[in-house]
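Here is the structure we will look at.
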Amino acid sequence: MRQYKGIVISTMAVLFALCAAAVAQQQARTDDKGLTIKVMTYNLKFADPAYKPVWAVRRDWQVDLINKYRPDIIGTQEGLKEQIDFLMDHLPDYMVVGEGRKGGDDDEHMAVFIRRDRFRLREMGTFQLSETPEVLGSGPAVNPRIVTWARIAFINRPAEGSTHSYPEDYRGHWNNTREFYLFNTHLFTGGSGYHLAKLNSAKLIMERINALNRFGEWTPDRPVFLVGDFNAKADSDVYKTFTGDGQPDNPFLLKDSTKENRGIDWILYKGDVDVLSYEKIEYNVDGVYPSDHKPILVEFKFAGK
């Protein structure tokens, strides 16, 4: 009987060791990957009754698409209030910020969806792409353009076996926070007459982004992500205003998250992050797409974490 108990105990010990090793291996994979974030840009296509399929049909597809890929942050373009409200109601894992491009609920929104379980919203705002950026609705009478931006923080969670992610005396708490900025926009569309407006819009956005640069090494790095529908190609002056021309290490410029198949929907970035993956999502239902744009999804890794 004692021998039988010894065999059982030994077997249990081996199983426990194997389970512990599996957990440790999984934890190692998680640790190797580090602190990551999935950022999506998506032009929803406004609820145009002439566009087929109509919004009442494709809205459920968009909910399914987002639930399938589960991005952490989504910068959307063209959504009217009804569209944004529907998505917000059916995507309870996300909080939503942003307003219409004429202020409040009016016109197309530049809405940003943020995962509630991962992030805190610290600050947000809107500025107009015009000669008077603080005056919402300014610019052309038809189709004015705006930028929605947000300062977002990762939620700190205790490490395994710990009750706090920082000591109770947390005067050094800045060492325990990770923040980033997200800028979301939709630049002007149209013929050559709009080229100057797009170019000046790009310059204004870069001014706002570079106003957030680190003052010195003692200040925390807050990466910046710029997403949107830019209505411009990668060889344009608009693109070069953001990324430069052969100056990849210039701290005042942004980087592209891909080098191929850019189209007009981009995810640009700067700061201490690396690109892990880039995908143009081909979600469709029997060959029919829920928008005239395909979402772009990029996964980033924050360095040093």
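With the requirement that a residue be hydrophobic (A, V, I, L, M, F, W, C) and within 16 Å of residue 57 (Cβ to Cβ), what does region 81-99 give you?
Within region 81-99, 86, 87 meet the criteria.
Determine whether region 283-293 contains at least one residue that is charged (D, E, K, R), at pLDDT below 95 and either within 21 Å of residue 150 (Cα to Cα) or over 16 Å from the mean Cα position of the chain (by Cα) (or both).
Checked region 283-293: no residue is charged (D, E, K, R), at pLDDT below 95 and either within 21 Å of residue 150 (Cα to Cα) or over 16 Å from the mean Cα position of the chain (by Cα) (or both).
Conditions tested, residue by residue: (1) closer than 14 Å to residue 180 by Cα; (2) touching a Cys at 6+ places or on another chain (Cβ under 6 Å); (3) touching a residue at least 40 places away in the same chain (Cβ under 8 Å).
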| residue | (1), (2), (3) |
| --- | --- |
| 208 | no, no, yes |
| 214 | yes, no, no |
| 223 | yes, no, yes |
| 230 | no, no, yes |
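Only one residue in 110, 95 is within 23 Å of residue 143 (Cβ to Cβ) and among the hydrophobic types (A, V, I, L, M, F, W, C), so which one is that?
Result: 110 is the single residue among 110, 95 that is within 23 Å of residue 143 (Cβ to Cβ) and among the hydrophobic types (A, V, I, L, M, F, W, C).
Step by step: first the residues of region 21-53, then only those that are among the acidic types (Asp, Glu) and at pLDDT below 95, then the one that is surrounded by the fewest Cβ atoms within 10 Å (Cβ to Cβ). Which residue is that?
Only one residue tops the list, namely 32.
For region 89-119, how many residues meet the condition of being of a type in the set (Lys, Arg), in a loop (DSSP other than H, G, I, E, B) and surrounded by fewer than 22 Cβ atoms within 10 Å (Cβ to Cβ)?
Counting residues in region 89-119 that are of a type in the set (Lys, Arg), in a loop (DSSP other than H, G, I, E, B) and surrounded by fewer than 22 Cβ atoms within 10 Å (Cβ to Cβ) gives 3.
Tell me, yes or no, whether region 54-68 has at least one residue that is within 17 Å of the chain's Cα centre (by Cα) and loosely packed, with under 15 Cβ neighbours inside 10 Å.
yes
Give me the residue from region 176-207 that is surrounded by fewer than 17 Cβ atoms within 10 Å (Cβ to Cβ) and closer than 20 Å to residue 122 by Cα and, out of that set, modelled with the lowest pLDDT.
176
Can you confirm whether region 133-144 contains a residue that is of a type in the set (S, T, N, Q) and crowded, with 19+ Cβ neighbours inside 10 Å?
No, there is no match, as no residue in region 133-144 is of a type in the set (S, T, N, Q) and crowded, with 19+ Cβ neighbours inside 10 Å.
Kindly check whether there is at least one residue in region 290-297 that is under 16 Å from residue 186 (Cβ atoms), in a strand (DSSP E or B) and in contact (Cβ under 8 Å) with a residue 24 or more places away in the chain.
Yes: region 290-297 contains one or more residues that are under 16 Å from residue 186 (Cβ atoms), in a strand (DSSP E or B) and in contact (Cβ under 8 Å) with a residue 24 or more places away in the chain.
Give 117, 60, 93, 89 a once-over and let me know the one that is among the acidic types (Asp, Glu), more than 28 Å from residue 262 (Cβ to Cβ), at pLDDT 95 or above and touching a strand residue (DSSP E or B) at 6+ places or on another chain (Cβ under 9 Å).
Matching residue, one of 117, 60, 93, 89: 93.
Which condition breaks for residue 274 when tested against (1) under 18 Å from the mean Cα position of the chain (by Cα); (2) buried (at least 16 other Cβ atoms within 10 Å of the Cβ); (3) not hydroxyl-bearing (Ser, Thr, Tyr)?
Against the list (1) under 18 Å from the mean Cα position of the chain (by Cα); (2) buried (at least 16 other Cβ atoms within 10 Å of the Cβ); (3) not hydroxyl-bearing (Ser, Thr, Tyr), residue 274 comes up short only on (2).
Could we say that residue 86 is at negative phi, in a helix (DSSP H, G or I) and crowded, with 19+ Cβ neighbours inside 10 Å here?
The answer is yes for residue 86.
Which members of region 269-289 meet the condition of being more than 23 Å from residue 251 (Cβ to Cβ) and part of a strand (DSSP E or B)?
277, 279, 280, 285, 288
Identify, from the list 284, 250, 231, the residue that is surrounded by fewer than 14 Cβ atoms within 10 Å (Cβ to Cβ) and within 28 Å of residue 44 (Cα to Cα).
284
Could you list, in sequence order, the residues of region 248-283 that are more than 26 Å from residue 154 (Cβ to Cβ) and in contact (Cβ under 8 Å) with a residue 60 or more places away in the chain?
Across region 248-283, the qualifying residue is only 283.
The values are calculated or read from the model by the stated rules, or taken from the named source; none is laboratory data. Every value quoted in this text rests on a predicted model; they were computed, and no experiment measured them. Note: ideal-geometry Cβ built from the backbone for every residue, glycine included; neighbour counts use all protein chains shown.
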